[in-house]
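Presented below is the structure to which this report refers.
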Amino acid sequence: MKAMKLMQVKDHNDLFREQEYLEQFERKREFERPWPAETVQEVAEWTKTEEYKEKNFARQHIKINPAKACQPLGAIFCAAGFAGTMPFVQGAQGCVAYFRSHLNRHFKEPLAAISTSMTEDAAVFGGLNNMLEGLENAYALYKPKMLAVSTTCIAEVIGDDLNAYVKAARDKGAIPKDLPVPFAHTPSFVGSQITGYDNQLKAILSTITAGKKGEPNGTVNIIPGFDTYTGDYREMKRLLDIMGVKHTILADVSDTFDSPNTGEYKLYPGGTPLAGAADSINARATIALQKYSTLKTMEYIRKEWEQKTAVLPPIGIKNTDAFFEALSAITGKPVPREIEDERGRAVDAMVDSHAYVHGKRFAFVGDPDLLLGLIGFVMEMGGVPVHIVCTNGDRKFEEEAAALLAESPFGSEGKVYVNKDMWHLRSLLFTDPVDLLIGNSYAKFLWRDTGTPLVRIGFPLFDRHHLHRYPVIGYQGVINLVNWVVNTVLDEMDRKTMHTTSFDVIR
Amino acid sequence: MSTAIKDTQKMIEEVLEAYPEKAKKDRAKHLAANDPSGQCSACQVKSNIKSRPGVMTVRGCAYAGAKGVVWGPVKDQITVSHGPIGCGQYSWWSRRNYYNGQTGIDTFGAMQFTTDFQEKDIVYGGDKGLDAALHELKELFPLAKGIGILSECPVGLIGDDIEAVAKKVQKEFKMPIVPVRCEGFRGVSQSLGHHIANDTIKDHVLGTGQLDTSTPYDVALIGDYNIGGDAWASRKILEEMGLRVIAQWTGDASVNEMGIAHKAKLNLIHCYRSMNYICRHMEEEYGIPWVEFNFFGPTKIYESIRKIASLFDDTVKEKAEQLIAKYKPLMDEVIATYRPKLEGRKVMLYVGGLRPRHTIGAYEDLGMEVVASGYEFGHSDDYKRTYPEMKEGAVIMDDATLYELEELTRRLRPDMVGSGIKEKYSYHKLGVPFRQMHSWDYSGPYHGFDGFPVFARDMDMTVNSPTWSLIRRKK
């Protein structure tokens with residue numbers, strides 16, 4: 001084989017540090033009229049102060065670098081967890097372009113989703129025509145087994161009547177009479193992606209289980225919630241199989257967002273089979289793995305399906321123990337030795353690594369359910385949660401997080417900030433620094449500004465590949481969390497000791 | 001009609017078979033076989049028309065055009081996404097409009113500012129909250145040189161008067177407060193957002209900046225968003241030609257540069273689609289001529305340099321020739337290295353403003369052929385500029401759907417596809433080499449002499465990655 005001829009190519013990483021570009025930037029300043037360097041420096045220092053923090057926390061009207069997405073993104077994510085289901089959004093097309101891009105960037109996977117492309121005329125006359133033609137085109141082109149409708153702001157502000165529109169589409173023959181078309185109201189100005197997930201899941205379940213109440217089928221339903229770790233879905237199925245529990249994962253996105261490459265593009269690469277989802281009404285129990293992203297759905301299941309329900313988020317050792325104990329009680333099946341061994345290995349990892357986490361102070365930013373799990377895990381390792389910022393958290397979450405912190409002596413410094421954003425967190429990191437920061441890819445700006453090492457856990461993760469393939473739930477998830485946290489501490493330690501006597505090979 | 005055109009038209013008809021009648025009739029107007037002469041009427045595509053509902057368009061919205069392209073990249077002003085959380089969040093630092101400056105202190109590009117509308121704002125209106133938000137921004141970011149208010153769908157629907165708020169606050173702050181009516185439901189794509197945003201530059205910023213000295217060589221570089229540093233690579237060429245770039249729009253742009261462009265002797269426009277409006281305005285209002293140029297790949301770069309130089313005196317013309325002579329050996333080396341690996345490969349493009357036509361020459365420099373090209377939000381003037389760039393019978397597509405892209409790919413069998421993030425991973429599953437031609441897959445620059453080696457390297461790594469051959473295709 002002919003040897004490869006390589007050429008030295010400089011891209012932006014090196015190119016713009018070259019002298020001729022530095023000179024160009026200097027020349028350009030004449031036209032930019034920037035502030036004097038001293039002024040910039042002065043303001044930069046001021047933003048690190050208590051005084052600035054107070055001003056920052058006094059703001060009520062502007063959000064700066066918030067950590068949340070909007071409802072329809074959660075709705076689409078949920079819909080993509082059902083077999084043969086096309087997420088169908090009644091609204092303006094730009095929104096769907098954004099939802100698809102956002103999810104594509106996180107998972108590095110394709111996602112099909114449809115918009116009805118509402119524009120000015122629809123804003124004035126209503127979106128009926130868009131819905132009718134949209135359903136007809138989508139059904140003809142993409143042959144879905146279910147069209148899961150959610151809305152964007154425009155359809156909600158003008159008050160489109162989805163129920164009547166879907167009925168009209170059936171009457172006109174645009175879609176078959178028996179095609180399930182659940183719909184959820186999901187404007188961006190209410191809640192966040194976690195409420196959108198909840199609304200869509202409730203809509204889908206209530207639609208496809210209608211009239212399906214029958215004999216108990218002995219299964220357990222699992223609702224993962226707005227969980228963007230595909231590794232979690234596979235891990236949960238593996239654990240339930242080991243335990244011999246017949247189960248249905250409701251909104252199973254594992255194959256949708258992590259499908260094998262076979263040289264074939266599948267619009268619907270996986271998801272919960274619709275027949276299984278319809279039969280979920282006859283399950284023995286439903287367990288949600290997240291609370292705040294499943295509030296309405298779980299209430300609906302408890303009341304309407306008259307089913308035993310539980311919320312058991314299996315992140316960290318104690319939470320995972322609680323999950324298995326409850327599952328064992330529900331199913332009458334003992335927790336097998338294999339899982340007990342996994343627990344032992346996870347605890348072993350924690351014990352071996354504890355010295356690098358004990359007493360370390362942590363800041364967190366993310367979604368409510370993930371934060372609760374992570375705070376608990378960090379305290380189990382002897383870490384100290386300090387700043388907990390949750391843009392889409394509510395008062396109930398604030399109380400629950402405070403109660404969790406109160407359970408451990410390591411939680412005494414922890415303070416929870418709901419409805420706050422990453423610019424608030426920036427002030428906190430300057431006025432009361434911590435050792436480690438846990439957050440999504442956007443938190444890297446905090447890493448850059450404050451020097452706090454970042455452990456990337458959460459959503460979205462745009463700038464690191466494949467993290468979402470690893471579970472954070474269960475005992476295996478504990479090992480992954482230990483890995484990410486401890487090795488970030490060690491990377492930082494190596495960086496800091498690079499030119500000292502403490503630069504060790506063995507840690 | 002030639003055989004090549006007939007064959008392509010037949011293929012297009014096959015692809016369209018899957019659509020219901022109404023959608024088929026509409027989509028037939030947007031797909032055509034190329035006639036480079038532009039004579040064949042059946043070969044002209046319709047464009048800038050509303051997408052059909054339910055067909056999975058790749059397009060975005062007016063807000064995306066105004067925020068992601070025109071106003072978002074301006075570095076020393078704050079851009080507020082006014083309305084609910086989503087739009088600002090999803091457009092947050094996704095386009096890599098590189099800039100110099102201290103983020104959060106005197107520059108604000110990589111940040112997301114939003115009024116985060118809640119239900120009460122929809123019911124009672126968001127004007128008061130906006131006024132208060134602007135005051136909070138002024139207090140927290142005293143070095144901001146201006147604030148842009150980019151309205152999202154609900155703001156327009158509930159009839160808020162953001163212009164009144166902006167006017168009031170502008171008087172107080174004595175800096176541009178720019179209301180941009182770019183609600184996503186306006187128009188049919190990003191394109192209207194560009195136009196609206198251009199109009200607000202004209203109304204609020206143009207003519208307000210300070211420039212102490214003037215030279216006959218003052219030019220403005222318009223319509224380069226500095227993705228991966230593109231504008232800097234372009235600027236380097238212009239400066240080496242002896243020109244003085246007094247304003248760079250809008251990648252790495254400052255409010256002052258936006259305010260002094262009217263003092264340029266010539267406007268140089270790269271992305272015609274997004275910024276021709278302001279160039280036309282400056283021509284009418286200030287008598288500034290404008291010229292389009294293309295800095296992708298040596299052939300087009302040489303052509304463009306000579307075209308630009310021809311509008312100046314002999315000093316510039318001489319420098320232009322020296323410049324070409326200086327870089328030609330490097331360009332020849334790039335071609336000698338990469339052309340053998342790429343010769344004869346077929347490319348399919350589906351992108352935004354300028355790339356569906358501007359990059360064709362760069363591919364051809366590497367021996368590659370663009371067999372299909374199309375725009376998400378092009379207008380007829382874009383297509384007119386594209387027909388002559390492509391071979392007879394190549395596919396021209398407007399507002400293509402995911403279904404069409406996939407079907408055309410099956411039939412045309414391109415060796416690589418260049419499109420955006422929403423298309424990228426479905427092509428990966430199909431086993432078709434793919435490169436993002438909006439973001440350069442986080443590489444770049446691709447413009448200018450410094451950009452071409454990066455472009456060539458990236459196309460080689462795309463087409464010739466051994467990973468494609470690992471895919472076990474089902475028989």
### Query
If you go through the range B:218-227 one residue at a time, do you hit one that is in a loop (DSSP other than H, G, I, E, B), at negative phi, under 20 Å from the mean Cα position of the chain (by Cα) and more than 11 Å from every other protein chain (Cβ to nearest Cβ)?
yes
### Query
Listed residues A:C78, A:C70; which is farther than 27 Å from B:A253 by Cα, facing chain B (nearest Cβ under 7 Å) and buried (at least 19 other Cβ atoms within 10 Å of the Cβ)?
A:C70
## Note on the structure
Cβ pairs under 8 Å, 6+ apart or interchain, first in the range B:272-297 and charged (D, E, K, R), second surrounded by fewer than 19 Cβ atoms within 10 Å (Cβ to Cβ), ordered by first then second residue, are B:R273/B:H379; B:E283/B:P289
#### Entry: Scan of the range B:131-141 for residues that are over 28 Å from A:G159 (Cβ atoms) and either among the acidic types (D, E) or more than 7 Å from chain A (Cβ to nearest Cβ) (or both), ordered by number
B:L134, B:H135, B:E136, B:K138, B:E139, B:F141
### Query
Which one of the conditions (1) in a helix (DSSP H, G or I); (2) within 29 Å of B:G193 (Cα to Cα); (3) within 11 Å of chain A (Cβ to nearest Cβ) does B:A456 fail to meet, given that it meets all the rest?
(2)
### Task
Mind counting the residues in the range B:37-87 that are facing chain A (nearest Cβ under 8 Å) and either within 21 Å of A:T116 (Cβ to Cβ) or small (G, A, S) (or both)?
19
### Summary
The helices (runs of 4 or more DSSP H) lying wholly within the range B:244-348 that contain at least 1 residues that are over 30 Å from B:T107 (Cβ atoms) are B:272-286, B:298-309, B:314-342
### Message
Regarding the range B:7-27, can at least one residue be identified that is buried (at least 24 other Cβ atoms within 10 Å of the Cβ) and in contact with a strand residue (DSSP E or B) (Cβ under 7 Å, 6 or more places away or on another chain)?
### Response
yes
### Query
Would the range A:112-125 turn up any residue that is of a type in the set (F, W, Y), buried (at least 24 other Cβ atoms within 10 Å of the Cβ) and within 13 Å of another protein chain (Cβ to nearest Cβ)?
no
### Query
Which number in (1) touching a His at 6+ places or on another chain (Cβ under 9 Å); (2) within 24 Å of A:D463 (Cα to Cα); (3) more than 7 Å from chain B (Cβ to nearest Cβ) marks the one condition that A:E109 misses?
(3)
### Task
Go through the residues of the range B:123-130 one by one and say whether even a single one is within 12 Å of chain A (Cβ to nearest Cβ), of a type outside the set (D, E, K, R), farther than 19 Å from A:I158 by Cβ and part of a helix (DSSP H, G or I).
yes
### Query
What number of residues in the range A:143-157 are of a type in the set (K, R) and buried (at least 24 other Cβ atoms within 10 Å of the Cβ)?
0
### Query
Among the strands (runs of 3 or more DSSP E) confined wholly to the range A:388-507, which include 3 or more residues that are within 16 Å of A:D367 (Cα to Cα)?
A:415-418, A:436-439
### Task
Give the residues of the range B:442-457 that are of a type in the set (F, W, Y) and more than 26 Å from A:F462 (Cβ to Cβ), sorted by residue number.
B:F449, B:F452
#### Entry: Hits in the range A:15-49 - residues which are in a helix (DSSP H, G or I) and surrounded by fewer than 11 Cβ atoms within 10 Å (Cβ to Cβ)
A:Q19, A:E26, A:A37, A:E38
### Message
If I ask for residues that are touching a helix residue (DSSP H, G or I) at 6+ places or on another chain (Cβ under 7 Å) and not in a strand (DSSP E or B), which ones from the range B:380-401 would you list?
### Response
B:D382, B:R385, B:T386, B:E389, B:M390, B:E392, B:G393
### Task
Find the helices (runs of 4 or more DSSP H) located wholly in the range A:58-157 whose residues include 1 or more that are within 19 Å of B:A64 (Cα to Cα), and list them.
A:71-79, A:93-107, A:120-125
### Summary
Apart from one, (1) part of a loop (DSSP other than H, G, I, E, B); (2) within 12 Å of chain A (Cβ to nearest Cβ); (3) out of contact with any Asp or Glu (no Cβ under 6 Å at 6 or more places or on another chain) all hold for B:G207; the odd one out is (2)
### Query
Which members of the range A:126-142 meet the condition of being more than 28 Å from the chain's Cα centre (by Cα) and either surrounded by 24 or more Cβ atoms within 10 Å (Cβ to Cβ) or in contact (Cβ under 8 Å) with a residue 24 or more places away in the chain (or both)?
A:G126, A:G127, A:L128, A:N130, A:M131, A:L132, A:E133, A:G134, A:L135, A:E136, A:N137, A:Y139
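No lab work stands behind these numbers, since they all come straight from the coordinates. Being a predicted model, the structure only gives us computed values, none of them experimental. Virtual Cβ from ideal backbone geometry, glycine too; neighbours counted across all protein chains shown.
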